[in-house]
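S.K.: Starting off with a structure, shown below.
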Amino acid sequence: MSMPSRTDRPYDIVLFGATGFVGELTARYLAAHTPEGLRWAIAGRDGEKLRRLAGRLPTGADVGVLRADVSEPASLRALAGQARVVASTVGPYVRYGEGLVAACADTGTDYLDLTGEPEFVDLVYVRHDARARETGARLVHACGFDSVPHDLGVYFTVRQLPEGVPLTVDGFVTAGAAFSGGTFASALGQLARGRQMRAAARDRRRHEPRLVGRRAVAPAGAPRFAGEVGAWALPLPTVDPQIVRRSAAVLDRYGPDFRYRHYAAVRHLPVAVGGVAALGALVAAAQVPPVRRRLSGLLRPGDGPSPQKRAKSWFRVRFVGEGGGRRVFTEVSGGDPGYDETAKMFAEAALSLALDDLPPTAGQVTTAVAMGDALTERLRAAGIGFRVVARR
């Protein structure tokens with residue numbers, strides 16, 4: 001099904017959108033960490049910008065330069081046909097992403113991205129999963145802070161618990177970081193598309209096979225004080241719990257009855273109340289096109305936090321897993337979540353798809369399903385922490 005040994009293409013990995021903020025960080029990481037002999041290229045619509053980027057990469061980086069544009073389907077198909085793995089940073093994906101996914105599904109090329117857009121993930125499943133299964137392409141979404149720490153963190157937690165019993169895991173996210181113009185624009189666009197997002201989710205449910213003999217759910221939960229982490233827990237309306245639930249639906253190791261809940265952990269009640277109010281205001285503003293355009297103009301795509309700001313940024317996700325009379329506390333942690341660590345996760349995921357001996361999968365799959373142990377070990381070696389805090 002999957003084709004990690006395919007060698008009849010000129011490149012092992014092509015990074016599409018390399019001149020964007022996260023794209024350049026990913027290109028720099030790849031230039032510094034690709035093993036000898038790996039064939040890779042950077043790609044995008046502006047050849048001159050790509051050549052300048054290639055010139056700024058660490059001395060000795062042997063990188064190809066390819067031109068492709070989301071408005072030119074033939075160029076996307078040509079790009080997909082030259083690579084074993086295509087990694088795309090070009091979002092918002094619901095606007096710009098589907099053409100490249102379609103090209104990869106048709107040509108049997110592995111694809112990964114950084115989307116945090118549930119609508120896009122569901123649309124891709126309905127429109128391209130079946131074709132990708134036919135050609136052997138692996139379509140892996142959410143390969144950055146959305147949703148690698150959460151998906152692999154739950155996978156790591158589940159492996160500390162007994163097998164064959166009902167399991168529950170709660171994830172509590174804390175972070176100190178800034179975000180880029182592209183991320184802000186993507187978030188605003190997603191908040192403005194609630195109706196379309198719900199419609200895409202309904203359509204997916206009509207196409208997706210039902211679990212038989214097992215259950216995997218990710219309910220939103222309710223705000224509460226979580227004594228297990230000593231903080232107020234606020235449900236996070238992100239793609240992460242959906243990704244975790246889909247991993248649990250595929251992997252029997254998650255047990256016959258699995259539940260995951262996903263929260264932001266906030267120490268102080270006034271901060272929690274203020275955060276809920278701010279999110280509500282942002283959701284309301286996103287529904288009004290003139291206000292949304294004005295907010296989008298505050299940060300331009302391509303802008304992002306400085307190296308100094310990123311150096312002070314951090315994230316920590318604490319998981320509490322229970323089952324079979326056991327309770328385990330685990331943690332995934334690292335530095336700047338949105339950019340430096342996202343670039344690291346994204347690059348290592350691409351390297352894992354290209355180089356590692358992975359389970360045979362195809363179609364739309366999660367990081368835990370496609371690369372679970374291999375990617376976890378890659379990220380640990382790269383400095384992202386996966387640890388057991390306590391067992392009870």
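S.K.: In region 230-312, which helices (runs of 4 or more DSSP H) lie fully inside it and hold 1 or more residues that are in contact with a Lys or Arg (Cβ under 8 Å, 6 or more places away or on another chain) and at pLDDT below 95?
M.R.: The qualifying helices (runs of 4 or more DSSP H) are 269-286.
S.K.: Now for a different question. When residues of region 204-261 are filtered for being of a type in the set (Asp, Glu) and more than 24 Å from the chain's Cα centre (by Cα), how many remain?
M.R.: Adding up the residues that qualify gives 2.
S.K.: Which ones in region 66-87 are in contact with a helix residue (DSSP H, G or I) (Cβ under 8 Å, 6 or more places away or on another chain) and open to solvent by 60 Å² or more (accessible area, probe 1.4 Å)?
M.R.: Selection gives Arg67, Pro73, Arg77.
S.K.: Out of the residues in region 370-392 that are out of contact with any Lys or Arg (no Cβ under 8 Å at 6 or more places or on another chain) and either surrounded by 24 or more Cβ atoms within 10 Å (Cβ to Cβ) or among the hydrophobic types (A, V, I, L, M, F, W, C) (or both), which is farthest from Leu15 (Cα to Cα)?
M.R.: Result: Ala390.
S.K.: Asp8: surrounded by fewer than 24 Cβ atoms within 10 Å (Cβ to Cβ), over 17 Å from the mean Cα position of the chain (by Cα) and within 20 Å of Ala132 (Cα to Cα), yes or no?
M.R.: When the stated conditions are applied, Asp8 passes them.
S.K.: Another question, then. Can you tell me which residues in region 104-129 are open to solvent by less than 10 Å² (accessible area, probe 1.4 Å), more than 17 Å from Arg246 (Cα to Cα) and in a helix (DSSP H, G or I)?
M.R.: Cys104, Ala105
S.K.: Something else now. Just one of (1) open to solvent by 40 Å² or more (accessible area, probe 1.4 Å); (2) among the hydroxyl-bearing types (Ser, Thr, Tyr); (3) under 20 Å from Ala343 (Cα atoms) trips up Tyr93, so point out which.
M.R.: So Tyr93 meets the others, but not (1).
S.K.: Of all the residues that make up region 323-333, how many are part of a strand (DSSP E or B), open to solvent by 20 Å² or more (accessible area, probe 1.4 Å) and over 11 Å from Gln160 (Cβ atoms)?
M.R.: 1
S.K.: Please go through (1) at pLDDT below 90; (2) not polar (S, T, N, Q); (3) not in a loop (DSSP other than H, G, I, E, B) for Ala222 and return the number of the only condition it doesn't satisfy.
M.R.: Single failed check for Ala222: (3).
The values are calculated or read from the model by the stated rules, or taken from the named source; none is laboratory data. These figures come from a predicted structure and were not determined experimentally. Glycine also receives a Cβ, built like all others from the backbone with ideal geometry; neighbour counts cover every protein chain displayed. Keep in mind that these areas ignore ligands, DNA and RNA; they rest on the heavy atoms of the full protein, side chains included. Shrake-Rupley method; radii C 1.70, N 1.55, O 1.52, S 1.80 Å.
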